[in-house]
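What follows is one structure encoded as structure tokens, with my remarks underneath.
The values are calculated or read from the model by the stated rules, or taken from the named source; none is laboratory data. Since the model is a prediction, treat every value here as computed from it, not as a measurement. So basically every Cβ, Gly included, is an ideal-geometry build from the backbone, and we count neighbours across all protein chains shown. Side chains included, ligands, DNA and RNA excluded: accessible areas come from the protein's heavy atoms. Shrake-Rupley method; radii C 1.70, N 1.55, O 1.52, S 1.80 Å.
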Amino acid sequence: MTQQKPLALVTGASRGIGAAIALRLARDGFHVAINYSTHEKKAREILEVIVQNGGTGVLCGFDVSKPDQVDEKFETLAKNNGTLAVLVNNAGITIDSLLLRLKNEDLDQILSIDLKGSIYCTRAAAKLMIKARQGSIIHISSVVGESGNAGQSAYAAAKAGLIGFSKSIAKELGSRQIRVNVVTPGFITTEMTETLTDAQKEAILRSVPLGFLGAPEDVSSLVAFLASPASRYITGQVIGVNGGMYM
């Protein structure tokens, strides 16, 4: 074991919100495990930025939807890097479709990654955190999981499921001083939003009282707080980062 920093694992950390979270936690003094499934090059670039800025981290490639991979990687990660202090379940996909056109395979993929993947990772993390009698688990859900959105019923179901799951686990794990919270981002500027047309962006902005799209750093700042001792009395909460579009 080469480091004494607290260990934080961020799933889906190779780009977008996940990358911003990994960078922020490294800046705050965590040894960050950067999870990726297919974008190893981008994950490696994030690790390079962390190291260049004086932080430490490790690449951690596995598919969150595969429970055997999850269990194996968590055990290996803890063995080689110390006790897991923070888990951020950020990995997710969206495949937009109206319900009557929703393909079974798309539904299965969304639920497997966005919901079941987080459950698998939380279960694996809980085994480690219970022994240490401390930890912070943070789920990245979505404003769509709270408000719903036409054409995203499967995605909304998965993200809403994270909220119910988190509240239940917060009650199960609270006595072991393990906190579980949910962050629900609104429209955040990432690679996904870059594909929107100007007309679509204008329509979105009309629904946001603050009048602008959020940045990944707006989400990572909240995650950093929930990962820190400053939030020691906060668990089972759902906190929006959405510019006021859902209250």
Residue, surrounded by the most Cβ atoms within 10 Å (Cβ to Cβ), within segment 197-225, restricted to residues that are among the β-branched types (Val, Ile, Thr) and assigned to a loop (DSSP other than H, G, I, E, B): Val208
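Condition test on Lys5, is it in contact with a strand residue (DSSP E or B) (Cβ under 9 Å, 6 or more places away or on another chain), farther than 22 Å from Leu111 by Cβ and assigned to a loop (DSSP other than H, G, I, E, B)? Walk me through how you get there before you give the answer.
Working: in contact with a strand residue (DSSP E or B) (Cβ under 9 Å, 6 or more places away or on another chain): yes; farther than 22 Å from Leu111 by Cβ: yes; assigned to a loop (DSSP other than H, G, I, E, B): yes.
So Lys5 fits the description; yes.
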Of all residues in segment 28-37 being in a loop (DSSP other than H, G, I, E, B) and among the small types (Gly, Ala, Ser), which is least open to solvent (accessible area, probe 1.4 Å)? Gly29
Quick check on my filter: what residues within segment 205-227 are touching a residue at least 24 places away in the same chain (Cβ under 8 Å) and of a type outside the set (Gly, Ala, Ser)? Val208, Pro209, Leu210, Phe212, Leu213, Pro216, Glu217, Asp218, Val219, Leu222, Val223, Leu226
Taking segment 26-56 and keeping residues within 18 Å of Glu217 (Cβ to Cβ) and aromatic (Phe, Trp, Tyr) leaves Phe30
For segment 1-14: of the residues being at pLDDT 95 or above and touching a helix residue (DSSP H, G or I) at 6+ places or on another chain (Cβ under 8 Å), which is surrounded by the most Cβ atoms within 10 Å (Cβ to Cβ)? Val10
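Checking the condition among the hydrophobic types (A, V, I, L, M, F, W, C) and within 23 Å of Thr190 (Cα to Cα), which residue from Val58, Val49 passes?
Working: Val58 fails: within 23 Å of Thr190 (Cα to Cα).
Result of the check over Val58, Val49: Val49.
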Restricting attention to segment 149-196, and to residues there that are of a type in the set (D, E, K, R) and at pLDDT below 95, which single residue is least open to solvent (accessible area, probe 1.4 Å)? Glu191
